[in-house]
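Working notes, beginning with the structure itself.
The values are calculated or read from the model by the stated rules, or taken from the named source; none is laboratory data. Keep in mind the model is a prediction, meaning the values are calculated, not measured. Methodologically, a virtual Cβ is constructed for each residue, glycine included, from the backbone with ideal geometry; neighbour enumeration extends over all protein chains shown.
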Amino acid sequence: MYTPIGERFGKLVVMSEATKEERKSRHRKMHCICDCGKKTMTMLFTLKGGSARSCGCVAAEKAKERWKNPTKEMIEQRKLQGEKNKTHGMTKHTAFSQWADMKSRCTNKGHAWYKSYGGRGISLDNSWLTFEGFWADMEQLWVEGMQIDRIDNDKGYCKSNCKWSTRSQQQRNKSNTKFIDTPNGVMDITTASELYGVSAGCLRYRYEKGVRGLDLIKKSQRA
Ligand SMILES: [Zn+2]
């Protein structure tokens, strides 16, 4: 019986014949070593017929090459796939980047403003962790050029506490109150915030709601 020990077939060199237990098939198989260093078990007739030329590394290499130098057809295919992957197709929508930044402010400790958001307990509604969930709640009210804004600055981002505002509305909300009347006298919010250890946003919110005295400066549950 012909056994090509030591013979070369492409990148494969036959080392020994596989036993019946090893091959689990009626076809004779050879243990081969590939030029790439990998050992492989290959059917004798594929070696002799010339269809087995390597352990599979050549095909993998070719596939890699094809991926790097795609045909026009492959490029089209990838585009189509890309569209499919963008399930909501809205990653370029201005609301998408707002949503992404909002989520990051609340959940990503690396975000520059995390301290003022996630860091002080400003949370994101669970269903808003995906853009689809957020959009389902907020799309109806959306107008181009508007920014996502909270109604109560001490509460998190959710449908009942959010609205779309123009940038100038937002600025006004933020700059309405600079000085507040505290139990220790009138002072600017930043100073009061440092003095009482209550965030500026929280102080402003309370103040605008008419809270005065000790209630104004008591530490927030969340802080
Ligand atoms: Zn190989």
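Pull up segment 52-67, narrow it to residues that are small (Gly, Ala, Ser) and surrounded by 15 or more Cβ atoms within 10 Å (Cβ to Cβ), then point me to the one that is nearest to the ligand (Cβ to nearest atom).
Ser54
I'd like the full set of residues that are within 23 Å of Arg204 (Cα to Cα) and either out of contact with any helix residue (DSSP H, G or I) (no Cβ under 9 Å at 6 or more places or on another chain) or charged (D, E, K, R) (or both), limited to segment 104-118.
Within segment 104-118, Arg105, Lys115 qualify.
Give segment 99-121 a look and list any residue that's outside any helix (DSSP H, G or I) and aliphatic (A, V, I, L, M), or say none.
Within segment 99-121, Ala112 is the sole residue that qualifies.
Tell me, yes or no, whether segment 37-49 has at least one residue that is more than 7 Å from the ligand (Cβ to nearest atom), among the aromatic types (Phe, Trp, Tyr) and over 40 Å from the mean Cα position of the chain (by Cα).
yes
Quick grid of which residues meet (1) free of Cβ contacts under 8 Å to residues at least 12 places away in the same chain; (2) crowded, with 18+ Cβ neighbours inside 10 Å; (3) within 27 Å of Met90 (Cβ to Cβ); (4) among the polar types (S, T, N, Q):
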{"position": "Val143", "(1), (2), (3), (4)": "no, no, yes, no"}
{"position": "Ile148", "(1), (2), (3), (4)": "no, yes, yes, no"}
{"position": "Asp152", "(1), (2), (3), (4)": "no, no, no, no"}
{"position": "Cys158", "(1), (2), (3), (4)": "no, no, yes, no"}
{"position": "Cys162", "(1), (2), (3), (4)": "no, yes, yes, no"}
{"position": "Thr182", "(1), (2), (3), (4)": "no, yes, no, yes"}
{"position": "Val186", "(1), (2), (3), (4)": "yes, no, no, no"}
{"position": "Val198", "(1), (2), (3), (4)": "no, yes, no, no"}
{"position": "Glu208", "(1), (2), (3), (4)": "no, no, no, no"}
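State which residue is nearest to Gly156 (Cα to Cα) when the search covers only segment 122-138 and only residues that are assigned to a helix (DSSP H, G or I) and without any contact (Cβ under 8 Å) to a residue 12 or more places away in the chain.
Asn126
Name every residue in segment 121-150 that is of a type in the set (Val, Ile, Thr) and under 13 Å from Asn161 (Cα atoms), in order of residue number.
Within segment 121-150, Ile122, Ile148 meet the criteria.
For segment 111-126, which positions are at pLDDT below 90, over 17 Å from Asp149 (Cα atoms) and within 19 Å of the chain's Cα centre (by Cα)?
Correct list: His111, Ala112.
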